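Written below as structure tokens is the structure these notes are about.
Bear in mind these aren't lab numbers, they're just calculated from the coordinates by the rules spelled out. Remember, predicted model here, so these are calculated numbers, not experimental data. Glycine gets a Cβ as well: all are built from the backbone with ideal geometry, and neighbour counts include every protein chain shown.
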Amino acid sequence: MRRPKLAAISPGLIWLLFFCVPPGSGAEALVQSAPHTKLGLLSETDFVEPGQTLNLGLLFEIEPHWHIYWINPGDSGEPPRVKWALPPGFRAGDLEWPAPARLASGPLTDYGYQGRVLLMSPVRVPHQLSALEVMISVQVQWLVCSDICIPAKASISLELPVGHAAPSPPEDQAALFRAARESLPRPLPPGWRVSADDLGGAFRIRLVTGAKIQRVSFFPLEFNQVENSKPEISTPLPNGVEVVVSKSDQLLQPVDNLRGVLVIDGGGSYHVSAAVRQGISREGRERASPATL
Amino acid sequence: MSTHRTQLLLVLLFTLSLPARAVRVGEPAPDFTASDSNGQSHTLSAYRGKFVVLEWHNRDCPYTRKQYESGNMEKLQQKWTMRGVEWFTVISSAPGKQGYVTAAQENAYVLEVHAAPSAVLLDPEGKLGRLYQAKTTPHMFIIDPNDILIYNGAIDDKPTTDLSDIAAAHNYVDAALEAALAGRPVEVSVTRPYGCSVKYPD
């Protein structure tokens, strides 16, 4: 049987970057510089407290003109993936994704991060810990792209002492975590309302806050609901804002629910989930007939 | 202009402008004529009566390399062309961009990796890519003997560059062709294509 010649190449070779670094101690383990990204494993505190949440963060420092991806990468790409190796009884939460940026290249639009981004993960620490020190390890796979894409993989470990005291963490580190928390989308504040309408070829998402908002941008969490590369049109309302986004050409069925992140220009980002009201499309089309224009 | 009026215009814009350009499963696939790496011309409508696969390709993209270095894509090409399917690999990388190749380079590559498409269509201007709204490499399309698009999306359900993921992956294209050639409906006909962006001209 003919075998493709390249099949003999070991799977490991496709990883252009592979790092295994000795464990860091204190609150930070930094991977040495890699082409286009540096990756560090950080802890918000420089000790582990039994029964508490340990906030860990993966710090990506990305070269100018390169980017990594949000949980929904958009038209191409792939979000970073992590595999934690934690001491018994420790439980890692999901990665927390800051609001992304829209990254356009030609006819395609991706969602991701440029510059520096901290992806945090809250880890539950068991109440009983007999060890004096614990070892936290994580294997990270990510894709870094500019015009081309390079897959990367790294294993990082961090050793932290077990303690109850509350020494102040290094200030720059605490600031990083504070900034990352600021950049996380929040739940809608009480009293704010979000609604979504099916307009036929587009969805209209309306955010009512009680005050006029100039501009908002929508980032869908689901694939294939929205045409990522079509421009969205945001319009201020006296009591909020609305944005019209093009439906994906690939939709086979009506969308019941739109989930995503709304980013307000200069004013934070919010998780939204809205049932899509159908039927407005017929009314919309009638209203939009040439006679009424 | 008032908000109300803006909205009316928007509704009109979105309802009227979309259908004309859409490439949708269940609808006729857009016809095209393109040249292959041997200088031969291929017109989709001339293949009416046959199943046609379009595979967007960039030999240097890690996601494409995963499929080719594992031998997975070549095996699929071999399997389905032997069963009478026309399989067109399409290269839409612009000159100077990753994955752009001359006809001679492509022919050498096909021999080297034992690829077995019916032909490799060279699309350096990105015309065919834009017509089909090809987003990634790979991005896969299947067209039935009546020119209806029956699959649009990813090669499989493991959106990674890791060769070791292929063994456990569910291959959407293989499954769709198995079903369609047996006269059964395609179960999963639209997926999110994953991979590198197609390297269109700026």
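Annotations for the structure displayed:
- Rg(Cα) / (2.2 N^0.38 Å) computed for segment A:97-214, rounded to two decimals: 1.54
- Computed from backbone phi, the HN-Hα couplings of segment B:163-168 come to 4, 5, 7, 5, 4, 8 Hz, rounded to whole numbers (Karplus: 6.51 cos²θ - 1.76 cosθ + 1.60, θ = phi - 60°; Gly and Pro given as x).
- Taking one quarter of the surface of the convex hull spanned by the alpha-carbon atoms of segment B:15-122 gives a direction-averaged projected area of 8.3 nm².
- Stretched out straight at 0.36 nm per residue, the stretch from A:Arg277 to A:Ala131 would grow longer than its current Cα-Cα span by 47.0 nm.
- With semi-axes defined as the square roots of five times the eigenvalues of the C-alpha gyration tensor, the equivalent ellipsoid of segment A:199-258 measures 23, 11, 9 Å, largest first.
- Too-long pairs where the Cα-Cα distance tops 21 Å, listed order kept, from A:Lys247/B:Lys135; A:Lys247/B:Lys66; A:Lys38/A:Lys83: A:Lys247/B:Lys66
- Selected from B:Ile142, B:Ile91, B:Ile166 as most flexible by GNM, with chain B as the system and alpha-carbon contacts under 10 Å: B:Ile166
- On a per residue basis, the convex hull of the C-alpha atoms belonging to segment A:55-126 measures out at 81 Å³.
- Amide H partners (placed H, <5 Å) of A:Arg277, local residues excluded: A:Ala196, A:Asp197, A:Asp198
- 3J(HN,Hα) along segment A:213-228, derived from phi through the Karplus expression 6.51 cos²θ - 1.76 cosθ + 1.60 where θ = phi - 60°, amounts to 10, 5, 8, 9, 10, 10, 10, x, 7, 8, 6, 6, 9, 10, 7, 4 Hz, with x in place of Gly and Pro.
- Once the Cα-Cα distance is subtracted from the 0.36 nm per residue extended length, the A:Ser146 to A:Glu171 segment shows a gain of 5.8 nm.
- As a length-normalised measure over Cα pairs under 8 Å and 6 or more apart, the relative contact order of chain B settles at 26 percent.
- Estimated from the Cβ-Cβ distance and a Förster radius of 25 angstrom, the FRET efficiency linking B:Arg48 and B:Ala175 is about 0.55.
- Annotation for B:Thr33 and B:Thr102: the two label points, set 7 Å from Cα along the Cα-Cβ direction, are 2.6 nm apart.
- Residue exposure proxy: A:Ser76, B:Ser41, A:Ser130, ordered by other Cβ atoms within 10 angstrom of their Cβ from fewest to most, comes out as A:Ser130, B:Ser41, A:Ser76.
- For chain B, adding -39500 (n - 2.57) for each run of n ≥ 4 DSSP H residues and dividing by the number of residues yields -9500 deg cm²/dmol at 222 nm.
- Cubic angstrom per residue, convex hull over Cα atoms of segment B:80-124: 68 Å³
- Ratio Rg/Rh [Cα only; Rh per Kirkwood] for chain B: 1.01
- Listing A:Asp197, A:Asp256 from fewest to most neighbouring C-beta atoms within 10 Å gives A:Asp256, A:Asp197.
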